[in-house]
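One structure is given below, encoded as structure tokens.
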Amino acid sequence: MQHPIETITSPSNPLIKRLRGLERKKQRQETGLFMAEGTRLVAQGLARGWRLDTLVLSRPAMQRDHAGELADRAHRAGARVVCVPERLVGRITRKDNPQAVIGAFEQSRRRLDALSGRAAGLWIALHEVRDPGNLGTILRTADCAGLGGVILTGACCDPYSVEAVRASMGSIFDMPFAEAGFAALDDWRKRQGARLVAARLNGNVRHDGNIYGPKAVILMGNEQSGLPAPLEAACDTLAQIPMRGGADSLNLAQASAVMIYEAWRQRGFA
Ligand code: SAM
């Protein structure tokens, strides 16, 4: 380890309080930060060029080989690096068995145009997704399938919430996303020449039909209420994933995965 590391032991230290507050949206908005847990995630964020504000290492983590290397990388990136007792890590993350390494990164907000022209020609838009676990899972699936981006329309949950970041398993750093009103999304996709294909329980075509074209935005509805009629009216296609049991719908993240992988399959998984 090339740099001396600051030690904090008091739960009332302002830094600990600030990091603990990142569980709340208000605090994330005020600070512009979000929390990533675990060595792999923090290293991934740094490697992708995200600005690390603070690195927290538990005392046991300090004994491990990789900790010194990570701390040096964080120092070089301009981050504050602190060592705390294990109980304080649990206090920050509100978990009984917390990860030994936590990074507070600066949030990044992209505009829709930043998602244009990405090679895949395939995007997914989520209308008013409310469950951060669903949002994180969809970011991860979109990343696995190499989509051009995820677009959040309407009042969505916060992609930088602790639950969404956890569920994304690192894809928060790799899968670009943008927030936009529906009118802006519809205008943008038309300029891209992309079809708008909604997943709808009572859609009039099957999701595995020839409906995606060379460029498409897949549109998914809210967990409770689906898609409002004016949004459906703006779509080129309303696609249904077949179901045959007693359940009335697939979970949003699962339905998204089915749509994404079918669209990609039709491109030969290229
Ligand atoms: N009651 C809601 C409704 O009427 O749409 C159910 C919402 S469902 C949990 C969330 C979203 O997942 C839906 O809006 C739709 O986009 C997608 N979805 C779920 N099951 C689907 C299916 N079998 N076919 C097409 N889309 C589906």
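Could you grab me the full set of residues in region 10-31 that are surrounded by 14 or more Cβ atoms within 10 Å (Cβ to Cβ) and under 21 Å from Ser108 (Cα atoms)?
Across region 10-31, the qualifying residues are Arg18, Leu19, Arg20, Gly21, Leu22, Glu23, Gln27, Arg28, Thr31.
Which members of region 32-65 meet the condition of being surrounded by 13 or more Cβ atoms within 10 Å (Cβ to Cβ), touching a helix residue (DSSP H, G or I) at 6+ places or on another chain (Cβ under 7 Å) and in a helix (DSSP H, G or I)?
Thr39, Val42, Ala43, Gln44, Gly45, Leu46, Arg59, Ala61
Which of the residues spanning region 194-238 are among the small types (Gly, Ala, Ser), closer than 22 Å to Gly181 by Cα, near the ligand (Cβ under 9 Å from one of its atoms) and in contact with a strand residue (DSSP E or B) (Cβ under 6 Å, 6 or more places away or on another chain)?
Ala198, Ala199, Gly221
None of the figures in this text is laboratory data; all of them are computed from the coordinates on show. Keep in mind that what you see is a predicted model, and the values were worked out from it rather than measured. Cβ coordinates were reconstructed from backbone atoms using ideal geometry, including for glycine residues, and neighbour counts include every protein chain displayed.
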